[in-house]
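The next block holds one structure in the form of structure tokens; read it before the comments.
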């Protein structure tokens with residue numbers, strides 16, 4: 001399925017951390033924290049300013065980003081979980 005975010009929204013696939021901790025302890029899904037890193041899958045065209053000019057998004061597909069734990073909206077597509085959020089909600093670009 002192909003999805004194209006509207007406006008200044010970004011589609012991010014959260015990066016899953018390892019299932020086993022350093023000490024060999026397996027953490028159940030219910031005790032894990034939400035991932036804060038993700039890979040940008042798709043970006044919208046940008047938002048418009050007061051005069052109607054398009055302000056392009058600084059992010060591009062493939063960027064690795066740092067996102068808030070509980071920001072955006074969680075969606076499921078083709079059995080994968082994604083976050084869709086505004087560009088302003090992205091905290092940083094990694095790398």
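Derivation of every value follows stated rules applied to the coordinates shown; laboratory data play no part. Remember, predicted model here, so these are calculated numbers, not experimental data. Please note: Cβ atoms are built from the backbone with ideal geometry, for glycine as well, and neighbour counts cover all protein chains shown.
Say R0 is 30 Å: what FRET efficiency, to the nearest 0.05, do residue 79 and residue 54 get from their beta-carbon distance? Walk me through the intermediate numbers first.
On the way: r = 34 Å, r/R0 = 1.14.
E between residue 79 and residue 54, to the nearest 0.05, is 0.30.
Would you mind checking the range 56-95 for residues with the amide N under 17 Å from a putative spin-label position 7 Å along Cα→C-beta of residue 36?
64-72, 89-95
Extension gain residue 70-residue 93, at 0.36 nm per residue separation less the Cα-Cα distance, in nm? Numbers along the way, then the final one.
Values: separation 23, 0.36 × 23 = 8.28 nm, distance 1.76 nm.
Contour length minus the Cα-Cα distance gives 6.5 nm.
Using Cβ counts within 10 Å as a stand-in for footprinting exposure, how do 87, 13 rank, fewest first?
On the way: 87 19, 13 16.
So the residues, fewest neighbours to most, are 13, 87.
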